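Asks: One structure coming up, written as structure tokens, with questions to follow.
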Amino acid sequence: MGLTRGQRFGILAAGSASVAAVVSKDILLSMFLASASPADDSQSTTEPTPELKEAIEAAVADTFGRRMATEEDYEIAAMGKLQMPKSHCTAQIAEIPGYFTVEEGTLLTTAAHCVFRGGHEDMEFITTYVNADGEEVEFKIANDENNPVQVWINPGYDRGPDDEKVSAEVRAEDTAIIFYPGVTVPTEIIPIKQRILAYHMAEYNRSVLSTFGASAAGFSADIPEGKSVDDECTTTQELNGGVVSTTCKINKGGSGSALLFRNMFDEIEGLAILSGVTVKDGEVNIGEDSFKSFYAPFYHYQLEGVDFLYKPEQCVSVNAEIGANLREHADIGSDIVFGGGLPDGDILKVRDTLVWERAEIDDPNVWLEVMETEDGRSGYIRSDLTMAVACP
């Protein structure tokens, strides 16, 4: 049974009259392991002092390279433990801008290697959130046999020659989406916006990594029962066709967690999904400078076969007096498609778009893919020369 944060601190306080600012990893680990068992009344009502809380949090951060989540992390309450009968991963309640579910329900994003073995009817998703009364409450999602869970596994995910084993190699397609029909999430839990990238927009995708600072959170196995957070990650700018390499200190058990960043609209977004971490001599080398964690992104073209998602038609109007060029590729230096420019006011059906707020940014490196013009041409158009409109 999962314990609330207050109960865990109660056990820590009962176990020792004082905690030094620096505590050995073995002692910290034994404390957190002890918290996996239900606390009795005397333990659960023990209220640690602010000094004790600060000492515990400082010791965890110093020892594990990341901090424990607190009540102030309400924006990532959507991240929870994805519990299977013999193991666990991390998943998050998600919103996918531009996509809708075929019926009311709740979406989770996670890693493909967490769910490809099946047994989805036995999965449980568990998180905690702070309600309007300031109380920490557990929220759990489980399968309903009358309205069963649905799972999409990225079709590009390669399970390797032995389907019963997960390949140790990190996969760029290691993504999955879980749909629980009929499940409603408490209003206090804010779904994480999952960014879906357009594969053809390589330059823009790389700019996302260079523009926004990243952070990570997950239920790593080295800190049992606790959600831990690394606020200061660095990332590479290599993205298209591969994984995002980061310094985020998330351990095994954190697989499936989202790489987080705050966008210019002050929203928490998920950029990619944790696929794996570096290993040295058979052990995760999380304490070494060479440690890396690897995240797999979602792309629009991958989601075309998701049975429980659909994407409505999206249209733009050319919004430039002199019209706009239709180019062969998403590149300002690309050749113009034969047939002349697109006149002002022309309505185009597009796909692989960014969220609509992005289409209004004056940036010539942001592109929309035009599916077909009235005269049968297709190509790419600069988003700053368009405006979103209803499809005719």
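The values are calculated or read from the model by the stated rules, or taken from the named source; none is laboratory data. These numbers were taken from a predicted model, which means no experiment stands behind them. Reconstructed Cβ throughout: ideal geometry from the backbone, glycine too, with neighbour counts over all protein chains shown.
Asks: Report those strands (runs of 3 or more DSSP E) wholly inside region 128-226 carrying at least 2 residues which are surrounded by 13 or more Cβ atoms within 10 Å (Cβ to Cβ) and modelled with pLDDT under 90.
Replies: Fully inside region 128-226 and qualifying: 214-218.
Asks: Of all residues in region 291-328, how many are loosely packed, with under 14 Cβ neighbours inside 10 Å and farther than 20 Å from E173 by Cβ?
Replies: Number satisfying all stated conditions: 6.
Asks: Here are G345, G282, G340, G333: which of them is more than 30 Å from P155 (Cα to Cα), at pLDDT below 85 and either buried (at least 20 other Cβ atoms within 10 Å of the Cβ) or more than 25 Å from the chain's Cα centre (by Cα) (or both)?
Replies: G333 is the lone residue from the list that is more than 30 Å from P155 (Cα to Cα), at pLDDT below 85 and either buried (at least 20 other Cβ atoms within 10 Å of the Cβ) or more than 25 Å from the chain's Cα centre (by Cα) (or both).
Asks: Take A78 and tell me if it is under 18 Å from D174 (Cα atoms) and touching a residue at least 40 places away in the same chain (Cβ under 8 Å). Spell out how you get there, then give the answer.
Replies: On the way: under 18 Å from D174 (Cα atoms): no; touching a residue at least 40 places away in the same chain (Cβ under 8 Å): yes.
Against the criterion (under 18 Å from D174 (Cα atoms) and touching a residue at least 40 places away in the same chain (Cβ under 8 Å)), A78 does not qualify.
Asks: Between a first residue in region 379-390 that is surrounded by fewer than 18 Cβ atoms within 10 Å (Cβ to Cβ) and a second residue that is at pLDDT 85 or above and not in a strand (DSSP E or B), which pairs have beta carbons less than 7 Å apart while being 6 or more apart in sequence or on different chains?
Replies: M387/N319
Asks: Would you check which residues across region 93-127 are farther than 24 Å from F298 by Cα and either surrounded by 16 or more Cβ atoms within 10 Å (Cβ to Cβ) or in contact (Cβ under 8 Å) with a residue 40 or more places away in the chain (or both) and list them?
Replies: none
Asks: For the list (1) in a loop (DSSP other than H, G, I, E, B); (2) modelled with pLDDT of 85 or more; (3) not hydrophobic (A, V, I, L, M, F, W, C), I need the number of the one condition that P364 fails.
Replies: Condition not satisfied by P364: (2).
Asks: Scan K311, K292 and give me the residue that is within 15 Å of K252 (Cβ to Cβ), touching a residue at least 12 places away in the same chain (Cβ under 8 Å) and of a type in the set (D, E, K, R).
Replies: Every option except K292 fails the conditions.
Asks: Also, I was wondering about something else. Of all residues in region 301-330 being under 13 Å from F100 (Cα atoms) and among the charged types (D, E, K, R), which is modelled with the highest pLDDT?
Replies: D307
Asks: Considering only residues that are part of a loop (DSSP other than H, G, I, E, B) and small (G, A, S), look in region 322-348 and name the one that is farthest from G376 (Cα to Cα). If you could, list the steps in order and put the result at the bottom.
Replies: Kept after step one, since they are part of a loop (DSSP other than H, G, I, E, B), are these residues of region 322-348: 322-323, 325-326, 328-335, 337-341, 343-346.
Now restrict to residues that are small (G, A, S): 323, 330, 333-334, 339-341, 345.
Numbers: G323: 18, A330: 19, G333: 23, S334: 19, G339: 10, G340: 12, G341: 13, G345: 17 Å.
Result: G333.
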